[in-house]
Amino acid sequence: MDEKPTRREFLQSTASAAVVSAAAALPGRSPTAKAGDQTSTRPMIDFDRSFFTWTSRPYVPDPVYVNAGGMVQGAGAVRNVRILYEAKCDITNHATGHVEELFLLHPCRAEYTIPERDFFQLPSREFRVIFTRTHGIPIADHPSTESEDRKPRLLDFAETRFTTRSHSRFRVLSSAQEVIDATLADQPLNARTTYRDAAAGYTFSIEYPVRTMNLNVEEELFQVDTGPLPLPDMKSWDGERPARAFLTYVAFSRFELAEFILRREVEPSNGDKKWLHARRGKWRWELRDPNHPPPGHPPRPPWATVYNETLVIQTTNELLCAEV
Amino acid sequence: MIDFGRSYFTWKSHPWQRDPYYKYQGGFVGRIGAVHQVRIQLEAACTLTHSETGQRDELFLLTPCRAEYTIVTENFFQIPNGEFRVVFGREHGVPLAYKSTSQPDQLKRYKIAEQFADFSMKVRSVDGARTLTAPQEVIAATMADDLMNGRTTYRDEETGVQVILEFPIKLINLQQDEKLFQVCMGWVPLPDLTTWDGISVNRVFLADIAFSGLDYMEFLLLQRVEVAQREKAWMDAVRGRDRLELHDPNKKLPGYPPPRPRPLVYHELVRQDVNTVILAANAEA
């Protein structure tokens, strides 16, 4: 059984206390925004109009697997893949000033590209990535209390393009009442959740669209529950980038604390594995030479995922409202 | 062309009343009489039209969140945790079926007006949308980082119902030299037309889609999966409030306790001949 990790456990490697301007914050009022604040130092990302696009190198058939990468067009084919942003996390190193940008992209199912039919790889697995401008950051399969043998992977594309669009007019919401008014006016909202650890020398700031908002107008209450977003595992941070990040949803009802719920793998029952892991159509792991399988062949079929572990972190939560 | 990123469904609850059984029915943690409003972004649309009677029902899949307690200052998420996701229309709410198409169930749609004190739908459109008719146009719009939606139509011969799905294209593959494209993404609401009763359907499947031509589409459906016995110890363990806690442990509903949440997996493949058009618009406009 998982024990509920605390903020202290989450920060145990840094052995530091949170340094958040919470003392100045009052419930229902943003600690960073002033009434009438019309600007912010950073633009508000327009997530539903922002894309990452990569161009592959010419495809070289894999020496071991017939259907490596799901590619069916043969040697020399070049692919472009464009994916919508889902959320973004900036990690700043206080000492060096280095900022690593983590882009969580929308998922799809593992597929064969580009046939006329029989698109999906079955058994089905998720294709979802977190890219920085130079690396892929592994998404954790395990709880934060368990380490994984994962590390960032250098991107190997012929070309990449990050098209980050911003809302041309936006404002920072400074009170619960402003959040309520903007929500009921059907204005697009983003949240920016920031955690600063002075002792460990970093700040991470996650920006994401608020897709679900709860309100109690009479009592001037709001509650965000949205995701997914990338939460970096700062225990594995090397001063530039983390070795893994968690896929999370976030909930908060005030401006100085956020609760994250983390995704992890879960093993299906033996009975359900029979249909879930049954091969249909082309098999992703078909060998060119069945007599010479590589070590570990075939990889374990994909498991399911659930959200279970929660982390409560003393953050600063900004809410941004676009004028449309 | 629907601007999904700027479109919302908002409902207003009736004043909260004490549930006769559950302490935290609906995850609500507030005072009796409190009124909640919830705004959720639209994810995809499905319009059902009967070709003879003209009966039409417009449904929207809303974006998901995690099961939560509202409105609280700590212990936000319900543990064990499930997904909260709904299909709402201008008139009906239609349950999502997380089982295979061959497994019937007792799901029934319901009138939104009976569930909520009030509700509104803000469906914004993208200005200047154009229809793309050739792969080269799809490739050009993709590389220009234009906003793109798919609009897929098919007709069910047995019921005479025409289905129109509209969805934002979140992921697209291209092979420019071969003039090929392939969309692969989620999610869309796939109506179970075997439950059509002349008004609408009684259940909807949640699906990812893939297509590389405008006349054929594959849907991969989500369904529940049971977990291994050894996983249940941590997965079913309650932390914080228990969503299934009763006011009176001696006063239980029939069938109590209901099953705890189980994960969802993609498994069943549905093939469909369709007519898809791709809409595009300048995202800078």
Original post:
Which cysteines does chain B leave without a neighbouring Cys Cβ under 4.7 Å?
Top reply: B:CYS46, B:CYS65
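If each residue's Cβ is checked for other Cβ atoms within 10 Å, how do A:SER56, B:SER200 rank with the fewest at the top? Display every interim value, and only then the final one.
On the way: A:SER56 18, B:SER200 22.
Fewest to most other Cβ atoms nearby, the residues stand as A:SER56, B:SER200.
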Original post:
Can you list the residues, at least 5 places off or on another chain, whose amide H is less than 5 Å from the amide H of B:ARG66, using H built in the peptide plane?
Top reply: B:PHE84
**OP:** Please work out the Cα center distance from segment A:203-271 to segment B:1-67, rounded to the nearest Å.
**Re:** 22
Subject >> Sum of side-chain charges, B:TYR8 neighbourhood, beta-carbon under 10 Å (Lys, Arg +1; Asp, Glu -1) >> reply: +4
**OP:** Taking the Cβ of A:SER147 as the centre, find all other residues whose Cβ is under 13 Å away and add up their charges (Lys, Arg: +1; Asp, Glu: -1).
**Re:** -1
**OP:** Restrict the search to segment A:105-196; then list the trypsin sites (Lys or Arg not before Pro) that DSSP places in a loop and that have at most 13 other Cβ atoms within 10 Å of their Cβ.
**Re:** A:ARG133, A:ARG169
Original post:
Working from the pairwise distances between different alpha carbons, so that the mean of 1/r is found and then inverted, what is the protein assembly as shown's Kirkwood radius in Å?
Top reply: 25.3
**OP:** Could you check the simple spin-label distance between B:ASP156 and A:LEU287, using points 7 Å along Cα→Cβ, in nm with one decimal?
**Re:** 4.6
**OP:** May I have the extent of the alpha carbons of segment A:81-182 along their three principal axes, as whole Å values ordered from largest to smallest?
**Re:** 50, 37, 33
Original post:
How big is the Kirkwood radius of chain A, worked out from every pair of different alpha carbons and given in Å to one decimal?
Top reply: 21.7
**OP:** Please list, in chain and number order, the residues 5+ apart from A:PHE170 or on another chain whose amide H is under 5 Å from its amide H, with Hs placed from the backbone.
**Re:** A:GLU323
Original post:
For segment B:4-281, max minus min Cα coordinate along each principal axis, in Å, sorted largest first?
Top reply: 67, 45, 39
Original post:
By count of other Cβ within 10 Å, fewest leading, how are A:THR92, A:THR183 ordered?
Top reply: A:THR92, A:THR183
**OP:** Would you mind checking which residues have amide H under 5 Å from A:ILE114's amide H? H placed 1.01 Å from N; only 5 or more apart, or other chain.
**Re:** A:VAL72, A:GLN73
**OP:** Name every cysteine in chain A that ends up alone, with no second cysteine's Cβ under 4.7 Å, or say none.
**Re:** A:CYS89, A:CYS321
**OP:** Output ³J(HN,Hα) for segment B:228-245: one whole-Hz value per residue in order, computed from phi by the Karplus curve 6.51 cos²θ - 1.76 cosθ + 1.60 with θ = phi - 60°, and x for Gly and Pro.
**Re:** 4, 3, 5, 7, 5, 4, 8, 6, 9, 6, 7, 10, x, 5, 9, 4, 9, 5
Original post:
How large is the charge dipole for segment B:4-281, taken about the Cα centre, if only the Cβ atoms of Lys, Arg (+1) and Asp, Glu (-1) carry charge, to the nearest 20 debye?
Top reply: 1340
Original post:
For segment B:4-281, what number of Lys pairs, 8 or more residues apart or on separate chains, have alpha-carbon atoms under 25 Å from each other?
Top reply: 15
Original post:
Local charge sum around A:ARG288 (other residues, Cβ-Cβ under 14 Å, Lys/Arg +1, Asp/Glu -1)?
Top reply: -1
Subject >> Stokes-Einstein D (µm²/s) once Rh is taken as the Kirkwood radius of segment A:190-261 over alpha-carbon pairs, at 25 °C in 0.890 mPa s >> reply: 183
**OP:** Just need the Rg to Rh number for segment B:197-285, please, alpha carbons only, Kirkwood Rh.
**Re:** 1.17
Original post:
Taking θ as phi - 60°, what are the ³J(HN,Hα) couplings along segment B:61-74 by the Karplus curve (6.51, -1.76, 1.60), each to the nearest whole Hz, with x for Gly and Pro?
Top reply: 7, 9, 5, x, 9, 8, 4, 9, 9, 10, 9, 10, 10, 7
Subject >> Percent of C-alpha pairs per 10 Å bin, segment A:250-324, short to long >> reply: 14, 24, 22, 16, 18, 6, 0
**OP:** Work out the mean other chain Cβ neighbour count within 10 Å for the residues of A:63-72 and drop it here as an integer.
**Re:** 0
Original post:
From the phi of every residue in segment A:56-71, what ³J(HN,Hα) in whole Hz does the Karplus formula 6.51 cos²θ - 1.76 cosθ + 1.60 yield, where θ is phi - 60° and glycine or proline is x?
Top reply: 6, 6, x, 5, 10, x, 6, x, 9, 9, 5, 10, 4, x, x, 7
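Since every read-out is calculated from the coordinates, none of them should be taken as a lab result. Note that the structure is predicted; figures quoted are calculated from it, not measured. Counting neighbours? That spans all protein chains shown, and the Cβs are built from the backbone with ideal geometry, glycine included.
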